[in-house]
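S.K.: My structure is below; once you've seen it, I'll send some questions.
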Amino acid sequence: MKQPVFTGCGVAIVTPFRGSTVDYDAFCHLVDWQIESGTDAIIVCGTTGEAATLTSEERTKLIQTCVAQVNHRVPVIVGSGSNHTAHAVDLSREAESIGADGLLVVTPYYNKATQHGLIQHFTSIADAVDLPVILYNVPSRTGVCCTAETYAALAQHPNINGVKEASGNFALLQDTRNLCPADFSIWSGNDEDTTAIMALGGKGVISVAANIIPRDLHELTELCLHDEFTAAGALQLRMTELNRALFCEVNPIPVKAAVEELALCGGDLRLPLCSISPKNRTTLKAAMEHFGVVV
């Protein structure tokens, strides 16, 4: 029986920049604050961490910094996906050699593989490492969506631990849960879907909002894990305005503005991402104030 890499709330952590360089000191501060706030896992080098704009050297140093700073307090999960399978294998092996506890591997983007191609892609990566692999299904970004049958085939691999589901397709989620073994874990990939996915047996969330409200997201997932769905639903509904404000522009533009507003780190982004518009910054600040966001 496979054990989930983590249960609860994992933060898809931002990468702080200071001008043209990665601010590793600020990153360490973020990691410590997240763990002190109850976050159950750190997911580094993901979409929210602007991994696509990191150099190879920055990526390596960021993973090294994260593993060292976390120091086994919670699992470290490294984004190691690529639309080139051999490159994804190399990224995954590097993350394993540095000391990652798990991998997050997105469906290949741009190439738009078939379902058979997806099975071969993910199997090649899982065969190359001894770490648990979390699949990442986010068709809004990649242009391809896994089917429940694909999940069922991949679930047989001993290193494939489950999936971060960001499709928003609850029929797919139900079919996945019915077709896959119980030890194939599902994590919400959308903050708005967390309670509903956990009601269908999900193990938690890989969260953008946890960058600014880690305690609340940890509480939400704990309520779900203890079958307290009435209270979880009430908390989920209270987060609605804030969750939507955090996606008023493409992620991670709003959350980078939010961490800057809270003085957690700078809000610099790398092109092609640019600063949030003044109108949307006002909307975001109002949602943060309404929720009562505090550090």
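The values are calculated or read from the model by the stated rules, or taken from the named source; none is laboratory data. What you are looking at is a predicted structure, and each value in this text was computed from that prediction instead of being measured. For neighbour counting, all protein chains shown are included, and Cβ atoms are generated from backbone atoms with ideal geometry for every residue, glycine included. Protein only, heavy atoms only, side chains kept; ligands, DNA and RNA dropped before computing areas. Shrake-Rupley method; radii C 1.70, N 1.55, O 1.52, S 1.80 Å.
S.K.: Quick test for you: out of 186, 197, pick the one residue that is among the aliphatic types (A, V, I, L, M), closer than 24 Å to residue 3 by Cβ and part of a strand (DSSP E or B). Please lay out each step first, then the result.
M.R.: On the way: 197 fails: part of a strand (DSSP E or B).
Only one candidate qualifies: 186.
S.K.: Assess whether residue 161 counts as being touching an Asp or Glu at 6+ places or on another chain (Cβ under 7 Å) and either under 14 Å from residue 187 (Cβ atoms) or of a type in the set (Asp, Glu) (or both). Explain how you work it out, then say what you get.
M.R.: Values: touching an Asp or Glu at 6+ places or on another chain (Cβ under 7 Å): no; either under 14 Å from residue 187 (Cβ atoms) or of a type in the set (Asp, Glu) (or both): yes.
No, not satisfied.
S.K.: Looking at region 165-183, is at least one residue hydroxyl-bearing (Ser, Thr, Tyr), touching a strand residue (DSSP E or B) at 6+ places or on another chain (Cβ under 6 Å) and under 23 Å from residue 226 (Cα atoms)? Spell out the reasoning first.
M.R.: Just the residues of region 165-183 that are hydroxyl-bearing (Ser, Thr, Tyr), to begin with: 167, 176.
Those still in the list that are touching a strand residue (DSSP E or B) at 6+ places or on another chain (Cβ under 6 Å) too: 167.
Among the residues that remain, those that are also under 23 Å from residue 226 (Cα atoms) are: none.
No, region 165-183 contains no residue that is hydroxyl-bearing (Ser, Thr, Tyr), touching a strand residue (DSSP E or B) at 6+ places or on another chain (Cβ under 6 Å) and under 23 Å from residue 226 (Cα atoms).
S.K.: Pick from region 95-123 the residues that are surrounded by fewer than 17 Cβ atoms within 10 Å (Cβ to Cβ) and out of contact with any helix residue (DSSP H, G or I) (no Cβ under 6 Å at 6 or more places or on another chain): which of them is modelled with the lowest pLDDT?
M.R.: Checked region 95-123; the qualifying residue modelled with the lowest pLDDT is 112.
S.K.: Does residue 55 meet the test of being open to solvent by less than 60 Å² (accessible area, probe 1.4 Å), farther than 16 Å from residue 134 by Cα, modelled with pLDDT of 95 or more and more than 17 Å from the chain's Cα centre (by Cα)? Walk me through it before giving the result.
M.R.: Numbers: open to solvent by less than 60 Å² (accessible area, probe 1.4 Å): no; farther than 16 Å from residue 134 by Cα: yes; modelled with pLDDT of 95 or more: yes; more than 17 Å from the chain's Cα centre (by Cα): yes.
Here the answer is no, as residue 55 does not meet what is asked.
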